[in-house]
Amino acid sequence: MDIYINRGGQRAGPYSLKKIKECLAEGSMQSTDLAFHEGLTDWIPLSQIDGAVTDVETPKQFPESDCR
């Protein structure tokens, strides 16, 4: 799937889903950047593209011994 990105009115692409995941991980793209691919009727945030944002940070819990 070819995905196009729009940030601040500047469009770029096409990118593969794999490349988008890499760019999100390195910080050169943001989950709030707008994205478009064939089948969509309008631009949507990258966070809404299936499979683009997969790394959800889980809150870390203290070990029980540290809480006493």
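The values are calculated or read from the model by the stated rules, or taken from the named source; none is laboratory data. As the structure is a computational prediction, the values presented were derived from the model and not from experiment. Glycine gets a Cβ as well: all are built from the backbone with ideal geometry, and neighbour counts include every protein chain shown. Surface areas here come from the heavy atoms of the whole protein model, side chains and all, with no ligands, DNA or RNA. Shrake-Rupley method; radii C 1.70, N 1.55, O 1.52, S 1.80 Å.
In the set (1) modelled with pLDDT of 85 or more; (2) surrounded by 11 or more Cβ atoms within 10 Å (Cβ to Cβ); (3) not hydroxyl-bearing (S, T, Y), the condition left unmet by Q10 is number (2).
Only residues that are charged (D, E, K, R), over 15 Å from G51 (Cβ atoms) and surrounded by 14 or more Cβ atoms within 10 Å (Cβ to Cβ) were counted in segment 13-33, giving 1. Just a yes or no: is a residue in segment 19-36 in a loop (DSSP other than H, G, I, E, B), among the acidic types (D, E) and modelled with pLDDT of 90 or more? Yes, some residue in segment 19-36 is in a loop (DSSP other than H, G, I, E, B), among the acidic types (D, E) and modelled with pLDDT of 90 or more. Listed by first and then second residue, the pairs linking a residue in segment 34-51 that is over 15 Å from R7 (Cβ atoms) and open to solvent by less than 70 Å² (accessible area, probe 1.4 Å) to a residue that is at pLDDT below 95 and not hydroxyl-bearing (S, T, Y), with Cβ atoms under 6 Å apart and 6 or more places separating them unless they lie on different chains, are H37/M1; G51/L17.
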